[in-house]
Every structure is written in C-alpha cells, then in structure tokens.
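**Q** This is the structure I want to talk about, given as structure tokens.
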Amino acid sequence: MNNNINGEYHRPGRIEVVCGSMFSGKTEELIRRLRRAQFARQKVEIFKPAIDVRYSEEDVVSHDKNHIPSTPIDSSASILLLSSDIDVVGIDEAQFLDMGLPDVCNELANRGIRVIIAGLDMDFRGIPFGPMPALCAIADDVTKVHAICVKCGSLAYVSHRTIADDRRVLLGETQEYEPLCRDCYMKAVAEEKERKNA
C-alpha cells in the first residue's frame, strides 16, 4: 500500500502475467513473486486449477520441486469468492481455467489487488491457449520466459508433444513434452506428417 499526500492508503491494483512454454520457469517465477509478497507481510492467496494434480493436489509445485500452498478451483468465479481482504492473488496454470478469468482478474485489480498469473501462452500445436491471450492483453506487465530447445539449444518457442494424442489438455512432463525452438518445431511437425503418410 502507498501512503498518498493526504495520508490515505491507496492499494495499487495491477495484473502481471508470466507466460511461455513448458519448462521455462513460469511457476518458479510465480512462486518467487508470491514469496516476496509474503515476506513483505502482504496477505496472499494462491489458486490453481483442480485438474492439475501432477505433483500435488493442493500445492503449486514447480518442475524444480519448489512449492507453495494453494487452493484448487474448478471455476474462475471461485477466486472472487475466496479473495476478500487479500493484497495479492496468485494463479498458476491459468490456461486450464475458463474464459471468465480475464474479467475476474480485472475486477480484482480494480479493487486494488495485485494479481500474478502464470500459464502456457500456446498449446502443443502453437495455438494461443485458453484465456492467456486475453490476460496478456489486459495485463499491466507481461513477462515472457523461455525454456531451451532440447534439439539445438536456442530459446524455445513451443511445448512440442512427443506422444500421439490430439487432446488439447493433456497433463504431462518430460515424457510427453519437449521444449523446441520454432525451427526445430517445424522440422518435428514435418517429420510427424511424413511418418503418418508413409
């Protein structure tokens, strides 16, 4: 909170988005920002989609196994119900939440709450994912983080799915996904088409 010239408190609401491919450190950055807020004695509430149970049913957990307690939710509307008297709201894996999330985040920010969101900006086909494009559009700050392409070492562009499954939502790790740069991704897609047509 900032103390203005009249001695009144003003809570500066804002939306921060951390986006990128899998294995780029999105959740790690989300946890870092939330821990700093907790250290500053701010009231923090953290949410994640209930479907994400890869490492924990309740905690937000990074690939490096750093974790922070969270509340699993099925709908973005739940965030409004559970965020009274809070200074900072964190949301992980936002791409899995519904399209009402941008409105929820705007409402929170307009109330003076700092909202920090982490999520995949694109799915395994390189298509913008869920509410993430709209969240990036309304954000006060967008941080794009990058994994390293496992084929050539360049900055990764997309999370390439390594198994045959066309479902858009498929929770997975290094067995199912690999970060690839744009060039290596295009080569991988071409090779997959050749195998299917052979």
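**Q** Would you pick out the residues in segment 184-198 that are open to solvent by less than 100 Å² (accessible area, probe 1.4 Å), under 20 Å from residue 120 (Cβ atoms) and not small (Gly, Ala, Ser)?
**A** 184, 185, 189
**Q** Can you report the number of residues in segment 104-159 which are of a type in the set (D, E, K, R), open to solvent by less than 60 Å² (accessible area, probe 1.4 Å) and under 27 Å from residue 176 (Cα atoms)?
**A** Residues in segment 104-159 being of a type in the set (D, E, K, R), open to solvent by less than 60 Å² (accessible area, probe 1.4 Å) and under 27 Å from residue 176 (Cα atoms): 2 in total.
**Q** Please work out if residue 173 is among the acidic types (Asp, Glu), open to solvent by 60 Å² or more (accessible area, probe 1.4 Å) and modelled with pLDDT under 95. Steps first, answer last, please.
**A** Working: among the acidic types (Asp, Glu): yes; open to solvent by 60 Å² or more (accessible area, probe 1.4 Å): no; modelled with pLDDT under 95: yes.
It is false that residue 173 is among the acidic types (Asp, Glu), open to solvent by 60 Å² or more (accessible area, probe 1.4 Å) and modelled with pLDDT under 95.
**Q** Mind telling me which of the residues 132, 99 ends up being under 13 Å from the mean Cα position of the chain (by Cα) and in contact (Cβ under 8 Å) with a residue 12 or more places away in the chain?
**A** Details: 99 fails: under 13 Å from the mean Cα position of the chain (by Cα).
Among 132, 99, only 132 is under 13 Å from the mean Cα position of the chain (by Cα) and in contact (Cβ under 8 Å) with a residue 12 or more places away in the chain.
**Q** Could you tell me whether any residue of segment 171-192 is within 15 Å of the chain's Cα centre (by Cα), within 22 Å of residue 29 (Cβ to Cβ) and among the β-branched types (Val, Ile, Thr)?
**A** No: segment 171-192 contains no residue that is within 15 Å of the chain's Cα centre (by Cα), within 22 Å of residue 29 (Cβ to Cβ) and among the β-branched types (Val, Ile, Thr).
The values are calculated or read from the model by the stated rules, or taken from the named source; none is laboratory data. A quick note: this is a predicted structure, and the numbers were derived from the prediction, not measured. Virtual Cβ from ideal backbone geometry, glycine too; neighbours counted across all protein chains shown. These accessible areas exclude ligands, DNA and RNA; they are computed on the full protein's heavy atoms, side chains included. Shrake-Rupley method; radii C 1.70, N 1.55, O 1.52, S 1.80 Å.
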